[in-house]
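This report concerns only the one structure given below.
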Amino acid sequence: MLTHGLHYASAVFEGERAYGGTVFKLREHTQRLFDSARILDFEIPYTLQEIDDATQATLAKNGLVDGYLRPIAWRGSEMMGVSAQHNKINVAIAAWEWPSYFSPAERLKGIRLDWAKYRRPDPRTAPSLAKASGLYMICTISKHEAERRGYADALMLDWEGNVAEATGANVFFVKDGVIHTPLADRFLNGITRQTVIGLAKARGIEVVERRILPEELSTFSECWLCGTAAEVTPVSEIGEYRFTPGKISEMLMNDYTAATVPAAEKLAVNA
Ligand SMILES: Cc1ncc(COP(=O)(O)O)c(C=O)c1O
């Protein structure tokens, strides 16, 4: 119980999905775990390869083929003050079954989002680019409030009042065939976000990363969230604004599903 990570949120973690026995973008997730730890001023006492191997082994040992993985690194209980110069760094990896939230047809109806009570912190206030446990405190409170009001999730603004992201996923919009998404320089630049931008560009669709004000939401036709857990999930409502999941959402939902199929399976399908 006297774990520094528990008392002071000195912990960083990852959320990963395995498809057909392969963890999607494993090295990118492991690298982000190490980067997040450095931002919190600690080093993970393993190599990237050791964490990659342990993650794959955790999946296999749990008898999972499609599943969710949660590596976490935290400061131990050697010192209980705020200073943690001599605390050991612990690492654990958990795995469990976590099917896609919805079937593709159900997903295309779109989920409803409320406005979050809290804003993403200024990078001068908190280590905004780390996937750090402490940053999720405001996400849980915001998501609880949204769920109590009958919504699936909440959309958070940044400290300046621009659209930022949902409580555990990045957001995208469509206007006149062009994709617009908030610049990820003040919140997590999701690995799914980067994948989806690549998929859209491969389809020849223009992607604009910029500041987006909430009032602009009335000018967008489509909207979706994306993240490891959410994958690509269309949105039908954010507060007073309405969207109709359309061709671009559907195309990227399908392209993302195709991208997550392991290389070996793709070869077998094409053979
Ligand atoms: C706050 C937040 N933003 C964005 C994301 C999406 O990141 P990724 O696509 O790397 O899972 C997540 C999920 O990890 C998240 O928790």
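Quick notes on this structure:
- Candidate lysines for bridging to Lys175, where Cα separation is under 18 Å - those fewer than 8 sequence places away on the same chain excluded: Lys201, Lys247
- Relative contact order of segment 83-186, taken over Cα pairs closer than 8 Å and 6 or more residues apart, is 24 percent.
- Taking the convex hull of Cα positions in the chain, its mean projected area over all directions (nm²): 15.4
- For the chain, modelled as a GNM whose springs connect Cα atoms under 10 angstrom apart, the maximal fluctuation among Arg148, Arg75, Arg119 occurs at Arg148.
- If the segment from Arg210 to Glu78 were pulled out straight at 0.36 nm per residue, it would be longer than the present Cα-Cα gap by 43.1 nm.
- Counting 0.36 nm for each residue step from Arg148 to Arg38 and taking away their Cα separation leaves a gain of 36.0 nm.
- Radius of gyration, Dmax [segment 1-41; alpha carbons; angstrom]: 13.1, 39
- Rounded FRET efficiency, nearest 0.05, which uses the C-beta distance separating Leu48 from Thr244 and R0 of 30 Å: 0.10
- Label separation (Lys117 vs Ala57): 4.3 nm, computed from points 7 Å beyond Cα along the C-beta direction.
- Using alpha carbons only: equivalent-ellipsoid semi-axes of segment 113-185, gyration tensor based, whole Å: 20, 18, 10
- Derived from the Cα gyration tensor, the three semi-axes of the equivalent ellipsoid of segment 4-96 are 26, 12, 10 Å, largest first.
- Counting only GluC sites (Glu not before Pro) that DSSP places in a loop and that have at most 13 other Cβ atoms within 10 Å, the longest clean stretch of the chain runs over 98-159.
Read-outs: derived from the displayed coordinates by stated rules, not from any lab. What you are looking at is a predicted structure, and each value in this text was computed from that prediction instead of being measured. Backbone-built Cβ (ideal geometry, glycine too); neighbour counts: all protein chains shown.
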